[in-house]
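Novice: Mind having a look at this structure? Questions to follow.
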Amino acid sequence: MPMVATLASVAALLRAEAERIARKAADDIHRELPGYASIGRDDLAGSAWLNVARGMSSLEEGEAPRDVPDGEARRTTRRRIRQGMAIEDIIRAYRISLNAIHDRFIEVARERSLPAESTLRGSTLLWEVGDWFVADAVKEYRTHAVSEVVRRSVEEVDVLRTLLSGSSVDPTLRPRVRALGMDPDRDHHVVLGHPTSGSREQWAADLARYGSTPGAAALVAEISGRTAALVTRIPREIAGRGVLAVGPAAPLRDLGTSAVAAEHILALVPGEIPGLHDPSTVSWRLAIPVTPLATRLLRRRYVEPLMDEGDFGVILLDTVQAHLEHDRVVRATARALVIHQNTLRHRLARFEELTGCSLESTNTIVELSWVLATRRDTGTLDVRPGITGEERPLP
């Protein structure tokens, strides 16, 4: 009486053909997935052989594999990711391999007259093996994706800090810059700033988008509570949604200079008013942060005499600032402040009396413009943060 075929006996026959099935699967993968061309046939056949073995074990045991924390599916997926394969191609390659196994299973089942019920059960088991692999592959990919995001974020901050510090460009830095999508041979602007509306995440994403050019991605990271970036294109599109302080374009080795300029610009401009500011818009004010002695001397001359006046001292300084902003035209200044022209004249005279200066003097206008540029805001006598530099005693 002939022996009745079983799933186990069919599985044993397929095990004997494992190498041939694996090589057919490798050839099918190379033919259908161009992205796998860089992976050798022996490497693919080795993975396919493991797939055959896993499928046959499931047929023999009558159940699909269980989830294993670091099992075959995850190890294979991890290796393919390191080889540059996309998760979609990894899953597709496994499906192709499984098709080769499944097709041969059906052929042998027919040749050996495997009962229809057993054939259906075997076919179902093989597809369950496929579902198991896909589930584990996706889990591994997600783990890798999270790890890669964290790794890249740390790398972006480290590279950005190094370049902004003005340190000499180490030979190992260029490949790291390239790996982040930047072009180390292009000049970059240092951009510092923050959004005045919307989320910081969207601001950073738009800064990266509009600050990039083909082949030269922008590098954006959060450093010391603000957004810093290296861009090959000035992102003017987002100037209406935040403050952008843009340093001059410079090669990698000189980005420290661009960073210093951007720092000074950011210290000079109002933090709550959106706009794009660069050396051409800030002009002579760039000298203020690097000349703290002059700032302290001028504040002593024009601000300290007002302090004993209390709130009226602040009003006087606001009035003088508005007067200069309106080119010292009395009618325009009075209209802007919503006061009578005589009230304006009285305030200006009182300012001259307290400070001992003449608002008709060109020297006074220059010095006042300097000291007013250091104000934190109207309505206060405080200096803007980052303006005075290191405090040293006056001679």
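The values are calculated or read from the model by the stated rules, or taken from the named source; none is laboratory data. Source: prediction; values computed, not measured. No Cβ is skipped: glycine too gets one built from the backbone with ideal geometry, and neighbour counts run over all protein chains shown.
Novice: Quick check, is Arg253 surrounded by fewer than 19 Cβ atoms within 10 Å (Cβ to Cβ), touching an Asp or Glu at 6+ places or on another chain (Cβ under 9 Å) and part of a helix (DSSP H, G or I)?
Specialist: On the way: surrounded by fewer than 19 Cβ atoms within 10 Å (Cβ to Cβ): yes; touching an Asp or Glu at 6+ places or on another chain (Cβ under 9 Å): no; part of a helix (DSSP H, G or I): yes.
Here the answer is no, as Arg253 does not meet what is asked.
Novice: If I filter region 190-199 for residues that are assigned to a helix (DSSP H, G or I), in contact (Cβ under 8 Å) with a residue 12 or more places away in the chain, within 19 Å of the chain's Cα centre (by Cα) and farther than 20 Å from Val159 by Cβ, do I get at least one hit? Steps first, answer last, please.
Specialist: Within region 190-199, the first condition is being assigned to a helix (DSSP H, G or I), and the residues that meet it are none.
Checked region 190-199: no residue is assigned to a helix (DSSP H, G or I), in contact (Cβ under 8 Å) with a residue 12 or more places away in the chain, within 19 Å of the chain's Cα centre (by Cα) and farther than 20 Å from Val159 by Cβ.
Novice: In the list Ala349, Ala334, Ala322, which residue meets the criterion of being of a type outside the set (S, T, N, Q), in a helix (DSSP H, G or I) and either closer than 30 Å to Ile238 by Cα or in contact with an Asp or Glu (Cβ under 6 Å, 6 or more places away or on another chain) (or both)? First the steps, then the outcome.
Specialist: On the way: Ala349 fails: either closer than 30 Å to Ile238 by Cα or in contact with an Asp or Glu (Cβ under 6 Å, 6 or more places away or on another chain) (or both); Ala334 fails: either closer than 30 Å to Ile238 by Cα or in contact with an Asp or Glu (Cβ under 6 Å, 6 or more places away or on another chain) (or both).
Unique residue meeting the criteria: Ala322.
Novice: Now, a different point. How many residues, within region 7-50, are surrounded by 13 or more Cβ atoms within 10 Å (Cβ to Cβ), hydroxyl-bearing (Ser, Thr, Tyr) and more than 18 Å from His102 (Cβ to Cβ)?
Specialist: 1
Novice: Pick from region 269-309 the residues that are closer than 20 Å to Pro248 by Cα and aliphatic (A, V, I, L, M): which of them is surrounded by the most Cβ atoms within 10 Å (Cβ to Cβ)?
Specialist: Ile288
Novice: Answer yes or no as to whether Ala349 is aliphatic (A, V, I, L, M) and at pLDDT below 95. First the steps, then the outcome.
Specialist: Working: aliphatic (A, V, I, L, M): yes; at pLDDT below 95: no.
Answer is no for this residue.
Novice: Next question. In region 149-205, how many residues are outside the structural domain of Leu244 (by TED's automatic domain parsing), among the β-branched types (Val, Ile, Thr) and surrounded by 16 or more Cβ atoms within 10 Å (Cβ to Cβ)?
Specialist: 4
Novice: Additional query: Read through the list (1) under 21 Å from Ser165 (Cβ atoms); (2) of a type in the set (S, T, N, Q); (3) touching a strand residue (DSSP E or B) at 6+ places or on another chain (Cβ under 6 Å), then give the number of the only condition that Thr196 fails.
Specialist: Of (1) under 21 Å from Ser165 (Cβ atoms); (2) of a type in the set (S, T, N, Q); (3) touching a strand residue (DSSP E or B) at 6+ places or on another chain (Cβ under 6 Å), only one is false for Thr196: (1).
Novice: Being closer than 17 Å to Trp127 by Cα and of a type in the set (Gly, Ala, Ser) is true for just one of Gly55, Gly40, Gly35, Gly46. Which residue is that?
Specialist: None of the others qualify; the one that does is Gly55.
Novice: So which pairs qualify, if the first residue must be in region 29-53 and farther than 17 Å from Thr77 by Cβ, the second must be in a helix (DSSP H, G or I) and of a type in the set (Ser, Thr, Tyr), the Cβ gap must be under 9 Å, and the two must be at least 6 apart or on different chains?
Specialist: His30/Tyr36; Val52/Ser97
Novice: For region 101-122, check the following and say yes or no: at least one residue is in contact with a His (Cβ under 6 Å, 6 or more places away or on another chain), in contact (Cβ under 8 Å) with a residue 12 or more places away in the chain and on the phi < 0 side of the Ramachandran plot.
Specialist: Taking region 101-122 first, the residues in contact with a His (Cβ under 6 Å, 6 or more places away or on another chain) are none.
No, every residue in region 101-122 fails to be in contact with a His (Cβ under 6 Å, 6 or more places away or on another chain), in contact (Cβ under 8 Å) with a residue 12 or more places away in the chain and on the phi < 0 side of the Ramachandran plot.
Novice: Also: On the basis of being free of Cβ contacts under 8 Å to residues at least 60 places away in the same chain and of a type in the set (Gly, Ala, Ser), does Gly130 make the cut? Lay out the reasoning, then the answer.
Specialist: Details: free of Cβ contacts under 8 Å to residues at least 60 places away in the same chain: yes; of a type in the set (Gly, Ala, Ser): yes.
In short, yes.
Novice: The conditions are (1) under 24 Å from Ser165 (Cα atoms); (2) not in a helix (DSSP H, G or I), and Val260 fails exactly one of them. Which is it?
Specialist: (2)
Novice: Could you run through region 323-336 and say how many residues are free of Cβ contacts under 8 Å to residues at least 24 places away in the same chain and within 18 Å of Leu359 (Cα to Cα)?
Specialist: Here is the first cut: in region 323-336, the residues free of Cβ contacts under 8 Å to residues at least 24 places away in the same chain are 325-327, 329-336.
Among the residues that remain, those that are also within 18 Å of Leu359 (Cα to Cα) are: 325-327, 329-334.
The total comes to 9.
Novice: Same structure again: Considering only region 210-229, state which residues are surrounded by fewer than 17 Cβ atoms within 10 Å (Cβ to Cβ) and either without any contact (Cβ under 8 Å) to a residue 24 or more places away in the chain or assigned to a strand (DSSP E or B) (or both).
Specialist: Once the filter is applied, which keeps residues that are surrounded by fewer than 17 Cβ atoms within 10 Å (Cβ to Cβ) and either without any contact (Cβ under 8 Å) to a residue 24 or more places away in the chain or assigned to a strand (DSSP E or B) (or both), region 210-229 yields Thr213, Pro214, Glu222, Ile223, Ser224, Gly225, Arg226.
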